[in-house]
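Student: To start, I am sharing the structure in question, which I have written as structure tokens.
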Amino acid sequence: MTLEELGWDDTWAAAAEAAAAGAAVTPARITIEHRGAYEAIGAGGPVWAELRGKDYHEARDKRALPTVGDWVLVSGADQGGVSPIHALLPRRSSLVRAAAGEKVAPQPIAANVDVAFVVTSANQDLNVRRIERYLTTVVDGGAAPVILLNKIDLVDDFAPLVARLAEVAPGVPVVPCSAARGDGLDAARAHLGPGRTGVVIGSSGVGKSTLLNRLLGAAAQDVQPVRADDDRGRHTTTRRELFVLAGGGILIDTPGMRELKPWTEPDATGDDALAFDDIAGLAAGCRFGDCSHDREPGCAVRAAVDAGELAADRVAAWRKLHLEQTAQARKRLEKVGAKSLRQRLRDKGVKGE
Ligand code: GDP
Ligand code: ZN
């Protein structure tokens, strides 16, 4: 495997030259993070890498430590076969989650991601705010978002969903797909391509694992041998976390990726929200994705009330919950000084195709 297949390019080479400052070091990309040690892959194959104690102790928070997807410069292996990490090359992007410990602290879970596939499923009511939060995490992290609208095999017509997503996230590509049937996989892969790194994120159950497996295909190259122990008796993972696609491109799938919940996730999406699935179903027909079913034109929910198909007090109860949730979400967003998703997309130069 060449460095280029792992995402290396001239810009990385220039960054490496500056960071090496003449030292005899070689680049490697982190593939698996262990407690205190890293598996990485360089031009010569897999290497064990370790931060020097001083670098570890001086790290202000986890953002200063290597993570999967990072490029590091390592010097030759010591007698134990471990290569000290000489430098961590400045990241082009990083997906950061708020790790819930005693304190909520930022924790990068993947670095140097070019494209993040945000998966949503066509057979569920679209949770607009959740999608917005995923997209915000991606855009803030410096990666390009692509929405995968999965499970289109389960609906008759997915065009209205695509239209709503386009409203919610102007300029963000939407790829309708079915991991089950194989639809849209090539269109999704087209956003990767040689040397480009992707991740797949989204709520549980939307089909991320199935999509990942389908995107990887049978011919994906594992960059790390799967093994239980290395030759020093050190226990190593049997999980692979960084894959190179047969047709070019890299996919990262770490356990942390699964926990990349948008960190402003509201707490009221559970039972309360589910109790209103009649309204959520009707809301798919509203003209506006964020319709509050109040005075908006083209409101399918009010139309159902007018037609006597839905009780008006159902809508009143929904609106009460909705307003509470919106107020909570707004408070959270204000706390982090968040800009609107639209503003963020504009700032990052995401434009319509
Ligand atoms: P994850 O939690 O996001 O990783 O979701 P999974 O990949 O585990 O998928 C959840 C369920 O949805 C599984 O039963 C899958 O077989 C199913 N599934 C995934 N993709 C599709 C699809 O495109 N169509 C249908 N009908 N089912 C799917
Ligand atoms: Zn409405």
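Student: Determine, from the Cβ-Cβ distance of HIS34 and MET1 and an R0 of 22 Å, the FRET efficiency 1/(1 + (r/R0)^6), rounded to the nearest 0.05. Numbers along the way, then the final one.
Tutor: Details: r = 21 Å, r/R0 = 0.96.
Here the calculated transfer efficiency is 0.55.
Student: Please state the shape class of the stretch 38-89: rounded when a/c is under 1.5, otherwise prolate if a/b exceeds b/c and oblate if not, all from the C-alpha gyration tensor.
Tutor: In terms of gyration-tensor shape, oblate.
Student: Here's a follow-up. Work out, step by step, the length gained on full extension between TYR56 and ALA246: first 0.36 nm times the residue separation, then minus their alpha carbon distance; give nm to one decimal.
Tutor: That pair, TYR56 and ALA246, stretches by 64.8 nm at full extension.
Student: Stretched out fully, how many nm does the piece from ASN213 to THR11 gain, at 0.36 nm a residue minus the Cα gap?
Tutor: Working: separation 202, 0.36 × 202 = 72.72 nm, distance 3.06 nm.
That pair, ASN213 and THR11, stretches by 69.7 nm at full extension.
Student: When the convex hull of the C-alpha atoms of the stretch 4-88 is computed, what volume per residue in Å³ does it have?
Tutor: Details: hull volume 8.5 nm³, N = 85.
In the stretch 4-88, the Cα convex hull volume per residue is 100 Å³.
Student: Listing CYS177, CYS291 from the residue with the fewest other Cβ atoms within 10 Å to the one with the most, what is the order? Walk me through the intermediate numbers first.
Tutor: Numbers: CYS177 28, CYS291 20.
With the fewest neighbours first, CYS177, CYS291 line up as CYS291, CYS177.
Student: For labels at ALA23 and VAL155 in the simple 7 Å Cα→Cβ model, what's the distance in nm?
Tutor: The two pseudo-label positions are separated by 5.2 nm.
Student: Same structure again: Nearest-5 percent of antiparallel DSSP beta bridges in the stretch 4-88?
Tutor: 80
Just so you know, all these numbers are worked out from the coordinates, no wet-lab data involved. Keep in mind the model is a prediction, meaning the values are calculated, not measured. In this analysis, Cβ positions are derived from the backbone assuming ideal geometry, glycine residues included, and neighbour counts consider all displayed protein chains.
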